[in-house]
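I have placed the structure first, in the form of structure tokens, so that the comments after it can refer back to it.
The values are calculated or read from the model by the stated rules, or taken from the named source; none is laboratory data. In this text the structure is predicted, and so the values were computed from the model without any measurement. Here Cβ is always computed from backbone atoms with ideal geometry, including for glycine, and neighbour counts include all displayed protein chains.
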Amino acid sequence: MKDQITATQTEALARIGEVEDARSLEDARVAILGKQGSLTQLSAGMRDVPKEEKAEVGQLLNAARQAITSALEEKKAGLQAIADAKALEGIDLTLPPRPLHGGSLHPLTLIRDEAIQILRRMGFALAEGPEIEDEFHCFDALNTPEDHPARNEKDTFYFDSGKLLRTHTSSVQVRTMETEKPPVRIIAPGSAYRRDEIDATHLSVFNQLEGLYVDTDVSLGDLKGTLEYFFHELFGPETDVRFRPHFFPFTEPSFEIDVKLHVKGQAPKWIEVAGCGMVDPAVFESIDGNRKDDAFDPAAVTGFAFGMGLDRLAMIRWGIKDIRLLIENDVRFLKQFA
Ligand code: PHE
């Protein structure tokens, strides 16, 4: 029995030594240690070993098993090392790695988030509404009569159903006033659509952010302070901001807001960034007429509203000369914001 064990061990180690690939190593393992393996069968012979020899033979068997097991492991590691070396053959480990291209937020997202943050600090909450609107919410409720040019088919995208793509997010202000009571302090960022000829400063879809504040005693001073603060936060405290009288059907008085733009090597120039004004009492009346109550009684509440184009703000912030860059998704442009 002892001789058999020694012989089996020698034979097993020799076989393992000759193995050259993982498959034959596994075959060898099964042939030696598997159910029908040579060493396993020898172990079964323990039964017939006389009692007084059992300890010695058992030890010998264990030693053989251990020697074989470690030979198998060693061979396995050796084969793996050879395989690894082969896989690396011809690879130049001193080459610099390829650069990783991280993604980044789109400039419009960046400017929108920043604008929202500033306004939220002043207590404005986010509001939403549909992009496919009806004429009532887009125009009628906003004191914009049937013959107003903004309602012209040349300026607005109409569906056959009579619905339209909203020309501004002021419709969200109307929807908010339909369901809430003063005080109302909301901002509505979102897409707006106009039939504009596409060029460096116009697209047929742009990104607006409008706001509305209605309460008792909201004044023109509140409007001016709020928006001046907003543009100082966005463009820096030294930015000149001016309010220029204008006309909107839904506000009275109305203004356009300009900021003074300083471009190196050019004379500073005023650029329009927003429209605003005190909500026209006629708007409140039409809201109340629809609500069938007097929540927005123009004798009791006042309010201001404003609207701005985020695309324009992004163009100013980063000196982008062509608005089309904002929708072309050219990586060479976008990666500058990473
Ligand atoms: N709705 C106007 C526009 O789209 C902007 C605006 C909003 C003006 C609120 C005044 C008050 O041009």
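Looking at the structure I just gave you, is Thr109 farther than 19 Å from Val283 by Cα and free of Cβ contacts under 8 Å to residues at least 24 places away in the same chain?
When the stated conditions are applied, Thr109 passes them.
Give the range 244-253 a look and list any residue that's of a type in the set (A, V, I, L, M, F, W, C) and not in a strand (DSSP E or B), or say none.
Listed by number, the list holds a single entry, Phe250.
Return the total of residues in the range 96-115 being loosely packed, with under 10 Cβ neighbours inside 10 Å and touching a helix residue (DSSP H, G or I) at 6+ places or on another chain (Cβ under 8 Å).
1
With a cut-off of at least 2 residues that are touching a Lys or Arg at 6+ places or on another chain (Cβ under 6 Å), name the helices (runs of 4 or more DSSP H) lying wholly within the range 254-338. Don't jump to the end; show me each part of the working.
Values: elements: 281-291, 310-318, 325-328, 331-334.
So the answer is none; nothing clears 2.
Quick one: what pairs do we get from the range 154-172, first residue closer than 22 Å to Ala188 by Cβ and of a type in the set (Lys, Arg), second assigned to a loop (DSSP other than H, G, I, E, B) and within 16 Å of the ligand (Cβ to nearest atom), C-beta under 7 Å, 6+ apart or different chains?
As it stands, the answer is Arg166/Glu131, since those pairs meet every condition given.
Kindly evaluate Asp196 against the criterion of being in the same structural domain as Pro130 (by TED's automatic domain parsing) and more than 14 Å from the ligand (Cβ to nearest atom).
So Asp196 fails the test.
Going by the conditions given, is Thr167 assigned to a loop (DSSP other than H, G, I, E, B), within 12 Å of the ligand (Cβ to nearest atom) and surrounded by 14 or more Cβ atoms within 10 Å (Cβ to Cβ)? Steps first, answer last, please.
Values: assigned to a loop (DSSP other than H, G, I, E, B): yes; within 12 Å of the ligand (Cβ to nearest atom): yes; surrounded by 14 or more Cβ atoms within 10 Å (Cβ to Cβ): yes.
Criteria met by Thr167.
Within the range 265-285, restricting attention to residues that are surrounded by fewer than 16 Cβ atoms within 10 Å (Cβ to Cβ) and under 25 Å from Asp311 (Cβ atoms), which residue is nearest to the ligand (Cβ to nearest atom)?
Glu272
Those residues that are over 19 Å from Asp294 (Cβ atoms) and surrounded by fewer than 23 Cβ atoms within 10 Å (Cβ to Cβ), I need them from the range 210-222; list them, please.
Once the filter is applied, which keeps residues that are over 19 Å from Asp294 (Cβ atoms) and surrounded by fewer than 23 Cβ atoms within 10 Å (Cβ to Cβ), the range 210-222 yields Ser219, Leu220, Gly221, Asp222.
Identify the residue in the range 223-237 that is away from the ligand (no atom under 13 Å from the Cβ) and touching a residue at least 12 places away in the same chain (Cβ under 8 Å) and, among all such residues, is surrounded by the most Cβ atoms within 10 Å (Cβ to Cβ).
Filtering first and then ranking leaves Phe230.
Looking at the range 261-272, can you tell me whether even one residue there is out of contact with any Pro (no Cβ under 7 Å at 6 or more places or on another chain), β-branched (Val, Ile, Thr) and in contact (Cβ under 8 Å) with a residue 40 or more places away in the chain?
There is at least one residue in the range 261-272 that is out of contact with any Pro (no Cβ under 7 Å at 6 or more places or on another chain), β-branched (Val, Ile, Thr) and in contact (Cβ under 8 Å) with a residue 40 or more places away in the chain.
Note down all Cβ pairs under 7 Å where the first residue falls in the range 312-337 and is aromatic (Phe, Trp, Tyr), the second is not in a helix (DSSP H, G or I), and they're at least six residues apart or on different chains.
Phe337/Ser104; Phe337/Leu105
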